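These notes are about the structure you will find just below.
The values are calculated or read from the model by the stated rules, or taken from the named source; none is laboratory data. Here the structure is a predicted model, which means the values were calculated and not measured. In this analysis, Cβ positions are derived from the backbone assuming ideal geometry, glycine residues included, and neighbour counts consider all displayed protein chains. Calculation scope for accessible area: heavy atoms of the full protein, side chains included, ligands and nucleic acids excluded. Shrake-Rupley method; radii C 1.70, N 1.55, O 1.52, S 1.80 Å.
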Amino acid sequence: MGIAQVDSVADPTDVTPALLSELLQCKVTSCQFNALGKGVMSNVQLLTVCYDGHDSGNRNVGRLPTQFIAKFKKTEIPLPDLFSVEGAFYRLSESISESHLSADSHGEYHELADASVATTADKPQIPFSFRIAKAVATGPSWLLLELIPPNEIDTFEVHEGCPPNVLDDLVIRLARMHLFFWMDSESIKETSQRKKLAVIFKNHSRYLSSSPGTGHTLPIDSRQDQFLPSWPAVRERLTRYIERDDLHRMDNIVDLTATDCRIQKCATRVTQRKYTMVHGDFHIGNILFPKEGRTAVHGCEESCVPWLVDWSMVGLGNPLIDLVFFLVVGANDIHIHQEDASTTSKHLERILRLYYTSLNDQKPTEFSTMEPDQSLLLSWDEFVSMFRECLLNQFIILVCYDTLCRDMADAFPCDEKDVYHDHFDRVNVRCVRMLLSDHGWTENMLD
């Protein structure tokens with residue numbers, strides 16, 4: 001049963017037992033929605049269905065799921081393509097599974113002898129490094145997904161940050177995902193399997209986001225207009241965390257960034273490197289961990305493989321968008337070690353090398369022998385330049401959207417407002433700390 005396209009659904013009232021009976025190919029007698037309150041960008045509901053067990057046509061009723069996740073568009077969110085993009089991704093995932101393509105732990109492709117190996121619920125679905133929820137139906141204003149049982153997973157709120165014991169695992173998995181979908185034919189060996197994936201991806205990529213990444217759809221003119229005026233309010237909140245001398249350095253960085261078309265140059269350099277599939281919203285809140293095996297490092301066993309959800313900003317783009325966003329938004333203060341610039345630089349260096357060596361299919365201990373190798377996807381210098389550009393671009397977006405983030409925090413119940421204001425503060429602090437590190441801002445980075 002493939003993914004159905006249903007354009008007529010806009011809210012829960014449009015989902016009827018008759019529609020569900022058609023989608024699930026089994027007679028549904030009733031359905032009930034319960035708001036989960038999980039989504040910021042969408043209205044997330046738990047859907048429970050009851051089947052007609054007395055209908056002779058319902059032979060598979062005992063094997064059908066009774067609970068689903070339904071996501072609906074929020075009218076107040078001015079992002080019209082979120083659901084169409086996510087729906088396109090699930091169709092891309094389905095096409096790759098049907099093609100019998102899979103990958104090993106090094107991102108190498110293999111033809112599967114049995115299609116069921118690629119699609120069964122007992123095996124990780126592509127991309128190799130993460131499992132993907134199964135979509136039942138998609139539309140421009142909604143998505144229907146099979147429920148991942150809550151009693152089988154551990155989840156974390158974005159403001160909690162990434163648990164230290166899984167940081168390395170997630171960095172490696174992210175690099176492996178980017179390697180799996182690498183589309184720059186000039187920097188990677190062509191194989192029949194890779195060509196097959198490229199054709200599939202090309203057929204679906206036109207329906208994915210053209211500007212993958214949270215906030216990356218903000219027009220350049222808007223960034224130019226908002227960046228400098230928005231900085232004083234952000235700076236004021238940073239005074240509780242950042243030393244005076246470092247704030248003066250940031251003032252200088254902000255002033256230089258706002259002049260000589262640097263905002264446009266930075267965005268252009270980030271967006272022109274369309275090398276691989278970018279998730280676009282890669283943070284700890286969008287990763288679901290199996291209760292068993294959560295501490296295993298880059299294991300391929302089913303019990304070790306986490307789910308990656310919310311693909312509404314996915315597209316062909318710069319892989320460092322995901323890594324930067326994860327470190328700024330999805331990590332926490334333990335990972336960046338913000339005591340001073342030198343400790344931030346030291347720990348950031350370790351994470352960057354871990355991702356880089358994983359992307360290039362090498363062990364971290366082999367890094368010293370890698371740089372002369374012409375088979376690398378990216379040289380170390382190019383990789384670091386990309387990181388600097390994506391980091392500065394993310395900082396610009398954060399400053400421009402800070403007022404909106406504060407409004408979002410104020411919309412939470414009273415006991416949660418301070419939690420989210422603190423979260424947004426620490427996101428900005430991490431970004432600033434990394435900009436001031438050895439792998440952050442340099443005056444000639446956009447020359």
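List of remarks:
- Residue match in segment 58-74 (condition: modelled with pLDDT under 95, surrounded by 18 or more Cβ atoms within 10 Å (Cβ to Cβ) and assigned to a loop (DSSP other than H, G, I, E, B)): yes
- Tally, over segment 398-426, of residues that are more than 18 Å from Arg223 (Cβ to Cβ) and touching a residue at least 40 places away in the same chain (Cβ under 8 Å): 7
- Within the option set Leu288, Leu256, being over 20 Å from Gln224 (Cα atoms) and out of contact with any helix residue (DSSP H, G or I) (no Cβ under 6 Å at 6 or more places or on another chain) holds for one residue only, Leu288.
- The single condition among (1) over 24 Å from the mean Cα position of the chain (by Cα); (2) at pLDDT 95 or above; (3) among the charged types (D, E, K, R) that Arg269 does not satisfy is (1).
- Residue tally, condition in a helix (DSSP H, G or I), touching a Ser or Thr at 6+ places or on another chain (Cβ under 6 Å) and modelled with pLDDT of 90 or more, over segment 128-184: 6
- Single condition Ala409 does not satisfy, out of (1) open to solvent by 10 Å² or more (accessible area, probe 1.4 Å); (2) at pLDDT below 95: (1)
- Of everything listed in (1) at pLDDT 90 or above; (2) of a type in the set (A, V, I, L, M, F, W, C); (3) open to solvent by 30 Å² or more (accessible area, probe 1.4 Å), the single unmet condition for Ile334 is (1).
- Qualifying positions in segment 225-248 - in contact with a helix residue (DSSP H, G or I) (Cβ under 9 Å, 6 or more places away or on another chain), more than 15 Å from Val399 (Cα to Cα) and open to solvent by 70 Å² or more (accessible area, probe 1.4 Å): Arg240
- Ala113 vs. criteria more than 30 Å from Asp14 (Cβ to Cβ) and either part of a strand (DSSP E or B) or modelled with pLDDT under 85 (or both): yes
- Criterion violated by Cys50 - all others in (1) open to solvent by less than 60 Å² (accessible area, probe 1.4 Å); (2) at pLDDT 90 or above satisfied: (1)
- Among residues of segment 253-289, those that are surrounded by fewer than 22 Cβ atoms within 10 Å (Cβ to Cβ), farther than 25 Å from Ser205 by Cβ and touching a strand residue (DSSP E or B) at 6+ places or on another chain (Cβ under 7 Å), counted: 1
- Residue satisfying all of: in segment 352-385; at pLDDT 90 or above and touching a helix residue (DSSP H, G or I) at 6+ places or on another chain (Cβ under 6 Å); surrounded by the fewest Cβ atoms within 10 Å (Cβ to Cβ) among these: Arg353
- Within segment 1-53, the residues that satisfy the criterion of being part of a helix (DSSP H, G or I), touching a residue at least 12 places away in the same chain (Cβ under 8 Å) and of a type in the set (A, V, I, L, M) are Leu19, Leu20, Leu23, Leu24.
- Residue within segment 159-168 that is surrounded by fewer than 20 Cβ atoms within 10 Å (Cβ to Cβ), in contact with a helix residue (DSSP H, G or I) (Cβ under 8 Å, 6 or more places away or on another chain), of a type in the set (Asp, Glu) and farther than 16 Å from Leu323 by Cα present: yes
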